[in-house]
Structure formats: C-alpha cells, structure tokens
Amino acid sequence: MLERETAHEPGAGRAGPEDGGTRGDDAAPPGVARRKDALRARLLAGRRALTTEQRAAAAEELRGHVLELAQELRDGPVCAYLPIGAEPGSTALLDGLRAAGRSVLLPVVPPRPGPLDWAAYTGPGSLGPGPLGLREPTTPRLGPAALRTAVLVLVPALAVDRAGRRLGRGGGYYDRTLGAVPPGVPVVALLHDGELLDEVPADPHDQPVTGVVLPTPGTVATGNNGRG
Ligand SMILES: Nc1ncnc2c1ncn2[C@@H]1O[C@H](COP(=O)(O)OP(=O)(O)O)[C@@H](O)[C@H]1O
Ligand SMILES: [Mg+2]
C-alpha cells in the first residue's frame, strides 16, 4: 500500500492532534482521531502484507460483484475511483462498467479542500499524469454537481462497520462530497476481506455508506444510515 497521499484522499498521512481527539470543527468524543489513526495504521499494514496474487484475485472477485450490482440499477453514470497500490478495485472494473454501457466518472481532487470534482473515464487513454505522480482523467472537469447524476457511487475506504461508518485515509474528501448524493442512490465502499468491522470510530462529519462489496461474501448492505 502506498505510504503517500492518494489522489482521492490527499490529506492522508497528516499528523493527528496531540490530544488525540479535539480536531476543532465538531463535537467528536476525545480519542476518535487517535483511534482512527491507529486503525488506519493496522489496516494499511494488512494491505501491504497482501501478495500481488492476492490483490489480483481480490480485484477480480470485486469486479464480478460490482458488475452484478450495476445490472440492477437504472440507466445513469457510475461514480468510481482509480485504485492505487493495494486499494481494492481495478481499471478492469472501470472498463467492465463501460462495456456494460455505463458512463464512468472519476474523482478529481480540488485545488483546495472542498468537494471532489468529477471527470469521465473513457478508457485507459483518458488518463494522464496528475498530482503526486498519480493518474487522473484528462477529460473535461464536470464540477462537483456531476455526482448528483450518479446511480451508484463506489468509494474507497480502509474499513467500514456494520452501521455504514466509513474510515478513509484521513483526507476527509469523501466526507465533504457524499452529502450531495441523492437519497436512494447506493454509496458502496470496496473492501478487502476482513475490512468490514463491527465498529469503526466516527466523527459527526463522517458520511456513511449504504453498503460494501468484499471479494468473498460480495455485496453486503450496512445498517440504516439515513440514505434510504
Ligand atoms: N464536511 C467537512 N467540512 C470540513 N472539514 C471536514 C469535513 N469532513 C471532514 N473534514 C475534515 O477532514 C479531516 C479528515 O477527516 P476524517 O474523517 O478523519 O478522514 P477520512 O474520512 O478520510 O477517514 C478532518 O480534519 C475533518 O475535520
Ligand atoms: Mg471521514
């Protein structure tokens, strides 16, 4: 797994507050930030320990599950992401969605903290160099409101719990973004087996997911989280 920040969670790797809890802009109980950081370290170590073969097998399973999930949806774009390192997912999944007739939108990190922008993935040739040496779409930026057209939103996560609480890499970008997803549209995190936990520490700003897809069990709905 990458030690550096990712294109979709560029705040990853920043130091937590010394007191481990008072991050300033909400009323999280003390210790949440510290518990998140400790859990991130454990999960990232777990991902680093996966072999290339294990990562490829997981990506292939996830591709099948997500393509099945997408079959059940009405016409419309899927918002997805480009996985990096051991992150669950693949460009083969993006290509599979396109082959199934879906348009695929990928996140573009805004210059300042704010909601993610979106741009179309139209095949491997539509990717170019982005910030931090990562790839990103070279197609026109559609603006954050493009998310409102999605019929499925696939998000990266390090872990999710049974109530749908999501732990990201620490950038908070999806927490600033997912509030715009219309009610009833599934927001689904792709995980490796073992990353659906009984409980993930959460702050009031954390935006829930409606479900997860894991390589082995496949799609699992998370608890009632108000998204419908
Ligand atoms: N809606 C928001 N508005 C402003 N800041 C936010 C918002 N959502 C998250 N943040 C900030 O982003 C940072 C990282 O959030 P966190 O939930 O720990 O990361 P992640 O969701 O990537 O695991 C926190 O400092 C948090 O205050
Ligand atoms: Mg969060």
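The table for this structure:
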{"read-out": "In sequence order, calculated HN-Hα J values of the range 142-159 (Karplus, 6.51, -1.76, 1.60; Hz; x Gly/Pro)", "value": "9, x, x, 5, 4, 4, 5, 8, 6, 9, 7, 10, 9, 10, x, 7, 8, 6"}
{"read-out": "3J(HN,Hα) from dihedral phi, the range 102-110, Karplus parametrisation 6.51/-1.76/1.60, rounded to Hz, x for glycine, proline", "value": "8, 7, 10, 10, 10, x, 10, 6, x"}
{"read-out": "Amide H contacts under 5 Å for LEU127, placed H, 5+ residues apart", "value": "THR138"}
{"read-out": "The range 176-203 residues near the modelled ALA163 label - backbone nitrogen below 20 Å, point 7 Å along Cα→Cβ", "value": "176, 178-179, 187-189, 195-203"}
{"read-out": "Sequence-distant residues sharing a close amide H with LEU197 (under 5 Å, placed H)", "value": "VAL160, ASP161, ARG162"}
{"read-out": "Relative contact order of the range 32-221, pairs being alpha-carbon contacts under 8 Å that are 6 or more residues apart, as %", "value": "22 percent"}
{"read-out": "Peptide ranges 127-138, 151-162 listed from the most packed, as the mean C-beta count within 10 angstrom indicates", "value": "151-162, 127-138"}
{"read-out": "Highest average packing first - 169-175, 192-198, Cβ atoms within 10 Å", "value": "169-175, 192-198"}
{"read-out": "Unit Cα scatterers, Debye sum, the range 32-221: log10 I(q)/I(0) for q = 0.12, 0.16 Å⁻¹", "value": "-0.54, -1.02"}
{"read-out": "R0 of 35 Å, Cβ-Cβ distance THR138-ALA49: FRET efficiency to nearest 0.05", "value": "0.55"}
{"read-out": "Antiparallel bridge percentage (DSSP; both residues within the range 32-221; nearest 5)", "value": "55 percent"}
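Each value in this text was obtained by applying a stated rule to the coordinates, not by laboratory testing. Note that the structure is predicted; figures quoted are calculated from it, not measured. Using ideal geometry, Cβ is built from the backbone for each residue, glycine included, and neighbour counts are taken over all protein chains shown.
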